[in-house]
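Read the structure below first, then the notes.
The values are calculated or read from the model by the stated rules, or taken from the named source; none is laboratory data. Because the structure is predicted, anything quoted here is derived from the model rather than measured. Neighbour counts run over all protein chains shown; Cβ positions are idealised from the backbone, glycine included. The area values use the complete protein model at the heavy-atom level, side chains included, leaving out ligands, DNA and RNA. Shrake-Rupley method; radii C 1.70, N 1.55, O 1.52, S 1.80 Å.
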Amino acid sequence: MLQPVVVLAGGLSHQRDISLKSGRTVAQALRRVGHEVVETDIDSSLIDTLRANEGAVVFPMLHGGLGENGALLEVLKLMGIPYVGSGPATCRISFDKSIASRAVAAAGVATPQQVALPHDIFRELGARTIIRSITERFGLPVVVKPARGGSSLGVTKVEDAADFAQAVANAYAYDDMAVVEEFIAGTEVAIGMITTSEGTQVLPAVEIRPAGGIYDYSAMYTGGETRLTAPADISDEAAQFVAETARIVQRVLDFSGISRVDAIIDEAGRPVFLEAGAAPGMTATSLVPVALEAAGLDLGEVCSHLVTDVSRNHG
């Protein structure tokens, strides 16, 4: 008898719509392989729903906010409810790009030069002074993004110093901490991973080629805006280097379940870490499903295996 599953999706983050699509994809995949699945949102009736489905494994498909900052997982742990995916501490660290980048860099992985700036520092010190200091240090272009968030919301590539202030304002619309980092030219790739008690399987790297040159929200979720190639059109040596880098990130951040590492392969063939996600999207245009297909894996079977693994090792 297969374990019943509660798929959590929705929530109140900026990525609610993407979360609902991801949740529906996973729920349908699990039903297809024989699981009884309940789909639920994050609201005041959630605890009652979880209690009514005692014995079920929770499969969080939440992006941003409560789903990725570890808060909801703390509650599930308190209640003794088994769930698929990374623990609260991993989620907190990986969700904050400024902290994750430093943790990964400390393990010897290449990362872009970066500075993390809270909203009030621009007000206290003056935006012009800070922007001048950054451009003198990093040069242009730079990438400005919210420290905590996903789906490339609030991300801007700045090529002209005159556009810097607006880019920072865009980032602050999504978080009170902005990250500014040097732009790394090269081939953008995403590396999905599946981690169970048996170890980590690194999926083939997916090469990302957005028509507009930057992988923003529109490029992510508009069909035809981005060309995805899996396995990535890179040398065997680069593919091996990328997979090794992903394994280091998995170990440093302690990912479980399905996770993803985003990187740029620079002109020297070196993977440069950009960010990592404990709850990657699973929509029709998302990167991990493309990687699963390239690896010859079925999403339903992968999700079912994760549920069984969690159920077997819980308690």
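Within a straight-line Cα-Cα reach of under 21 Å, LYS157 can be paired with the following lysines, leaving aside sequence neighbours fewer than 8 residues apart in one chain: LYS97, LYS145. Assuming charge only on the beta carbon of Lys and Arg (+1) and of Asp and Glu (-1), the dipole of region 226-284 about its Cα centre is about 220 debye to the nearest 20.
For MET61, MET79, the ranking by accessible surface with the largest value first comes to MET79, MET61, using a 1.4 Å probe. Taking the alpha-carbon distance from LYS77 and a cut-off under 19 Å, which aspartates and glutamates remain once sequence neighbours fewer than 8 residues away in the same chain are dropped? The reachable aspartates and glutamates, counting only those whose Cα sits under 19 Å from LYS77, are ASP41, ASP43, ASP48, GLU54, GLU68, ASP254, ASP309. For the chain, what is one quarter of the convex hull surface built on the Cα atoms, given in nm²? It is 16.1 nm². Summing Cβ point charges (Lys, Arg +1; Asp, Glu -1) relative to the Cα centre of region 1-47 gives a dipole of roughly 220 debye.
For region 4-113, a crude dipole built from +1 on the beta carbon of Lys and Arg and -1 on the beta carbon of Asp and Glu, taken about the Cα centre, is about 340 debye to the nearest 20. Taken over region 1-87, the convex hull of the Cα atoms encloses 82 Å³ per residue.
Computed with a 1.4 Å probe on the full set of protein chains, the accessible area for ARG209 sits at about 110 Å². Compute the distance from the alpha-carbon center of region 10-82 to that of region 152-190, in whole Å. Cα centroid of region 10-82 versus Cα centroid of region 152-190: 30 Å apart. Go through ALA232, THR283, GLY87 and say which Cα lies farthest out towards the positive end of the charge dipole of the chain; charges sit on Cβ, +1 for Lys and Arg, -1 for Asp and Glu. Of the candidates, GLY87 comes out farthest on the positive side.
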